[in-house]
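Here's the structure, in structure tokens; my notes come after.
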Amino acid sequence: KADAVISNPAAAAAKPAPFPMRIGTVRINNGSTNFADLSVKPNFATGIGKLKGTISGLSSDPASRAKVDLDGEVDRYSPVTIRGEVNPLAAETSLDMTMSFRNIEMASLTPYSGRFAGYTIRRGKLSADLNYKLNDRKLEADHKIVVDQLELGDKVESPESIGLPLKLAVALLSDRNGVIDIELPVSGSLDDPQFRVGPIIWKVFVNLLSKAVTAPFALLGNLFGGGEELNLISFSAGKSVINEAAQQKLDSLLKALDARPGLKLNVPAVFSRESDTAGIVESRLRRSVVAAKKVELATRKQPTDGPDFAVISADPDDYLRQLTTVYRKAYGANAKLPEPVAPLPGAASVADMPEARTARLEQAVRERIVVTDDDLYALGRARAEAVQAKLLNDTGLDPGRVFLNSPAEGKTDNGAVIMELALR
């Protein structure tokens, strides 16, 4: 017989046809499926109870699709539905399954949150809609996760923790109703040895959290307007006035804070020793000239409260005369006026360029203006208070969410001083 088999390879290769099988309907009533993980401390266990429903059309035909229609509950009060089509004999080539979980108590997930996130979970509800479609070993998976009223508890020391400020992430992602709504799509081929759904979902989730906490204002700017640099408020040197561009950013930031009630804002009192010193000197010079103009107009019994009073005279002779008054007030009534040291570019001599005398007088007056640290600190506080006022005056925003920081030197950009807001 052995010789016969060897001499007839076709007969040896022949296999019996699979036994045809078909099951019309499987009914499940009061079933259960349980899961336990002893690798985490404390151990985790859960399951689906009161499982009921049908699986219809089970068949050994690889082209067939069984319809799944099941309902159950997790921990008695969290409903679960499982709907879709699958062939258990060809599960890796065709699958279309949707699973929905509602109101799962997140406190029970503390063994995982402590190990991988570094925090216990004090409270929260989790709902999820999971859909998996598989065709020719190509998987398309959608995960819609909704977390309601998530509150993190104590910090847990774990070497496997992702090490991110999760409380900030929760505040950034939670809307005004305390709901976090996340979609995590995943796709890939089952033929790829590196493709594993669980680790990929975790990686996508961690990337989402990382982007949120490392660039929180970019996230808020994309959601509520204002751009990725929503936190950068620019001030002119020596000024605390909020310009139009800054006002637009603060309007967007106000919308973001209203929609994310868990966030708090730090407002630094910034100044630049170099830029602001020059700016304050220039402002004081202009104010002194305007004051001299007012005295001159009053002496001539002319109005001093008209629309043109608060600006420097456009007439060069008037301006020079008023600047001379300022100079002599600073240096003494009989002080000799300084001579220009050189003509301005394009002039043959000093006499050919009267503006050079004006420039020399301005320089001399600036040299008498002293800017102290107290002046810079006051300017920084004025800027912080201006931002605070824009966010709080008649807006309904809780004042307890906006914190003013002590004066500190800030960055500059082309002479402008940049205030960098920060979230808590």
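The values are calculated or read from the model by the stated rules, or taken from the named source; none is laboratory data. Note that the structure is a prediction, hence the values are computed from the model and not measured. A quick note on method: Cβ atoms are made from the backbone with ideal geometry, for glycine too, and the neighbour counts reach across all protein chains shown. Side chains included, ligands, DNA and RNA excluded: accessible areas come from the protein's heavy atoms. Shrake-Rupley method; radii C 1.70, N 1.55, O 1.52, S 1.80 Å.
Determine which single condition residue 112 fails, assuming it passes every other condition in (1) farther than 29 Å from residue 24 by Cβ; (2) of a type in the set (Ser, Thr, Tyr); (3) at pLDDT 90 or above.
If we test residue 112 against (1) farther than 29 Å from residue 24 by Cβ; (2) of a type in the set (Ser, Thr, Tyr); (3) at pLDDT 90 or above, just (3) comes out false.
Need pairs with beta-carbon distance below 8 Å; first residue free of Cβ contacts under 8 Å to residues at least 12 places away in the same chain and within segment 220-233, second of a type outside the set (Ser, Thr, Tyr) and surrounded by fewer than 18 Cβ atoms within 10 Å (Cβ to Cβ); sequence gap 6+ or separate chains.
Close Cβ pairs satisfying both conditions: 222/228.
Inside segment 238-267, can you point out the residues that are surrounded by 16 or more Cβ atoms within 10 Å (Cβ to Cβ) and either under 20 Å from residue 414 (Cα atoms) or more than 22 Å from the chain's Cα centre (by Cα) (or both)?
Of everything in segment 238-267, those that are surrounded by 16 or more Cβ atoms within 10 Å (Cβ to Cβ) and either under 20 Å from residue 414 (Cα atoms) or more than 22 Å from the chain's Cα centre (by Cα) (or both) turn out to be 238, 239, 240, 242, 246, 249.
Is one or more of the residues making up segment 167-177 among the basic types (Lys, Arg) and not in a strand (DSSP E or B)?
Checked against the condition, which is being among the basic types (Lys, Arg) and not in a strand (DSSP E or B), segment 167-177 yields at least one hit.
Select from segment 46-72 the residues that are among the charged types (D, E, K, R) and open to solvent by 70 Å² or more (accessible area, probe 1.4 Å) and list them in ascending order. Don't jump to the end; show me each part of the working.
Step one: filter segment 46-72 for residues among the charged types (D, E, K, R), giving 50, 52, 61, 65, 67, 69, 71.
Across segment 46-72, the qualifying residues are 50, 52, 61, 65, 67.
Counting just the residues of segment 188-205 that are among the hydrophobic types (A, V, I, L, M, F, W, C) and assigned to a loop (DSSP other than H, G, I, E, B), which one comes out most open to solvent (accessible area, probe 1.4 Å)?
Restricting attention to segment 188-205, the residues satisfying the condition of being among the hydrophobic types (A, V, I, L, M, F, W, C) are 190, 195, 197, 200-202, 204-205.
Right, trim to assigned to a loop (DSSP other than H, G, I, E, B) and you get 190, 195.
Details: 190: 64, 195: 26 Å².
So, considering only residues that are among the hydrophobic types (A, V, I, L, M, F, W, C) and assigned to a loop (DSSP other than H, G, I, E, B), the one most open to solvent (accessible area, probe 1.4 Å) is 190.
Within the group 208, 172, which residue is in contact with a Leu (Cβ under 7 Å, 6 or more places away or on another chain), closer than 22 Å to residue 113 by Cβ, in contact (Cβ under 8 Å) with a residue 12 or more places away in the chain and surrounded by 13 or more Cβ atoms within 10 Å (Cβ to Cβ)?
Numbers: 208 fails: in contact with a Leu (Cβ under 7 Å, 6 or more places away or on another chain).
On inspection, the qualifying residue turns out to be 172.
Which residue out of 132, 77 is surrounded by fewer than 15 Cβ atoms within 10 Å (Cβ to Cβ), among the hydroxyl-bearing types (Ser, Thr, Tyr) and either closer than 30 Å to residue 177 by Cα or touching a Leu at 6+ places or on another chain (Cβ under 7 Å) (or both)?
Numbers: 132 fails: surrounded by fewer than 15 Cβ atoms within 10 Å (Cβ to Cβ).
It is 77.
Looking only at segment 255-291, filter to residues that are out of contact with any helix residue (DSSP H, G or I) (no Cβ under 9 Å at 6 or more places or on another chain) and of a type in the set (Ser, Thr, Tyr); which one of those is nearest to residue 330 (Cα to Cα)?
Per the criteria, the residue is 283.
Do you know which residues across segment 172-214 are in contact with a Gly (Cβ under 6 Å, 6 or more places away or on another chain) and under 19 Å from residue 125 (Cβ atoms)?
174
Name the one entry in 86, 68, 40 that is farther than 19 Å from residue 126 by Cα and under 40 Å from the mean Cα position of the chain (by Cα).
Working: 86 fails: under 40 Å from the mean Cα position of the chain (by Cα); 68 fails: under 40 Å from the mean Cα position of the chain (by Cα).
Being farther than 19 Å from residue 126 by Cα and under 40 Å from the mean Cα position of the chain (by Cα) holds for just one of 86, 68, 40, which is 40.
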